[in-house]
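FYI, it's all coordinate maths here, none of it is from the lab. Owing to the predicted nature of the structure, the values given are computational and were not obtained by experimental measurement. Quick reminder, even Gly has a Cβ in these numbers, built from the backbone with ideal geometry, and neighbours come from all protein chains shown.
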Amino acid sequence: MRWGLGRSRYTIAPGLYAIGTPAGDSPVLVTANYKMTFDIVRRDMRGHDAWLLVLDTKGINVWCAAGKGTFSTDEIIRQVQRANLQQLVNHRTLIVPQLGAPGVAAHKVHKACGFKVVYGPIRSDDLPQFLRTGQTATPDMRRVRFTLTDRFILTPVELASMWRYTLWSILALFILGGIGPQIFSFSAAWSRGIIAVTVGLLGLFTGAVITPILLPWLPGRAFATRGAIAGLATGMLGLLIFSASLGWLNSLALLLAVAAVSSWCAMHFTGSSTFTSPSGVEKEMRQAIPAQAAFLLVGGLCWLAAAF
């Protein structure tokens, strides 16, 4: 699932589940039916007794589902009534993830089914402490953290999402690599193509892995800018190692191509981060994509010219 393979099908049936051996006074936790979310909540609540009310979010995690409208007021009401929850517990409190709040109108839930909504901590590993302290969240429990580990574990899905672009680009680079004074050469296609593919993969890795890891320390506000800076740095490192054998046209092509590809790949990470909004992403794309295309075009022309 960390590679994004089959994520849309990685679901658990919505309904009421038991963690441990819950009784009438056990807390009721609300979550999404994305199975990774479901499993993480159960893991973090190991050793505790609780009811777990799983909403039908179409396999989407809590935060995204709240924005998409599947982690919603109506769905909470529906699952409470479907499970006859009022007959199983002697309290009327639902602990809803804080990140689900954008999709939930607490007063409507209370009016429709009699249950009060209490917003729990950001992360499920804080749930045991939250429950021990009488459902009181510390300021740290309300803060979204996006640590190096958080960013790193998201990079595989970024790589996996680009496999189609990568395969078509590899094919195109081998074909273009054969263009030269002899019109087309299979040996040139192989030798120059291998180098071009290596440069492309370097840009991909820089933008999809290195940039997210170094995100807080890279200058610039836009992800595309940060990716371009990381790509230029990686390209310069490559030039220091291989410039003697490349020549100036190939060197310029390497620098521009790595920066463009890295910038484009880094821009994709906006969907995995906690820093962006849809309008901000659209604005960034309008500004960045023409520049990325220009860098890639000039770099490509330099690379083709170096063959003659």
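Charged neighbours of ALA266, selected by a Cβ distance under 13 Å, balance to +1 (K, R count +1; D, E count -1).
Give the percent of DSSP beta bridges with both residues in segment 7-145 that are antiparallel, rounded to the nearest 5. Walk me through the numbers before you get to the answer.
On the way: 6 of 17 bridges.
Counting DSSP beta bridges with both partners in segment 7-145, the antiparallel share is about 35 percent.
Straight-distance candidates among the aspartates and glutamates for linking to LYS68, with alpha-carbon spacing under 16 Å and chain neighbours fewer than 8 residues away dropped: ASP56.
Going by average Cβ density within 10 Å per residue, which order do the peptides 260-271, 227-238 take, highest to lowest?
On the way: 260-271: 25.4, 227-238: 22.1.
The packing order, highest mean first, is 260-271, 227-238.
Within straight-line reach of LYS116, meaning a Cα separation under 19 Å, sit the following aspartates and glutamates at least 8 residues removed in sequence or on another chain: ASP25, ASP74, GLU75.
Counting only DSSP beta bridges with both residues in the chain, what percent are antiparallel, rounded to the nearest 5?
On the way: 8 of 19 bridges.
Counting only bridges with both partners in the chain, antiparallel ones make up about 40 percent.
For segment 182-308, count all C-alpha to C-alpha pairs, find those more than 25 Å apart, and express that count as a whole percent of the total. Value for segment 182-308: 27 percent of Cα pairs lie more than 25 Å apart. Backbone phi angles across segment 270-283, fed through the Karplus curve with coefficients 6.51, -1.76 and 1.60 (θ = phi - 60°), yield HN-Hα couplings of 4, x, 9, 8, 9, 9, 10, 10, x, 5, x, 5, 4, 5 Hz in residue order; Gly and Pro are listed as x.
Near GLY59, the amide H atoms lying under 5 Å from its own belong to ASN33, TYR34; only residues 5 or more places off or on other chains count, and H is placed 1.01 Å from N.
When only the Cβ of Lys, Arg, Asp and Glu is charged (+1, +1, -1, -1), the dipole of the chain relative to its Cα centre reaches about 460 debye.
Return the loop-located trypsin sites (Lys or Arg not before Pro) in segment 99-187 (DSSP other than H, G, I, E, B) with at most 13 other Cβ atoms within 10 Å of their own Cβ; answer none if there are none. Display every interim value, and only then the final one.
On the way: sites: LYS108, LYS111, LYS116, ARG123, ARG132, ARG142, ARG143, ARG145, ARG151, ARG164; in loops: ARG123, ARG143, ARG145.
Filter output for segment 99-187: ARG143, ARG145.
When a/c reaches 1.5 or more, the comparison of a/b and b/c decides; with that in mind, is segment 7-145 rounded, prolate or oblate per its Cα gyration tensor? Since a/c stays below 1.5, the shape of segment 7-145 is classed as rounded.
Could you order the peptides 61-67, 175-181 from most to least packed, using the average number of other C-beta atoms within 10 Å per residue?
Values: 61-67: 20.9, 175-181: 16.3.
In descending order of packing, they fall as 61-67, 175-181.
Each residue, LYS111 and PHE152, gets one label point 7 Å from its Cα in the Cβ direction; the gap between the two is 4.9 nm.
Built from the Cα atoms of the chain, the convex hull projects on average onto 18.5 nm², one quarter of its surface area.
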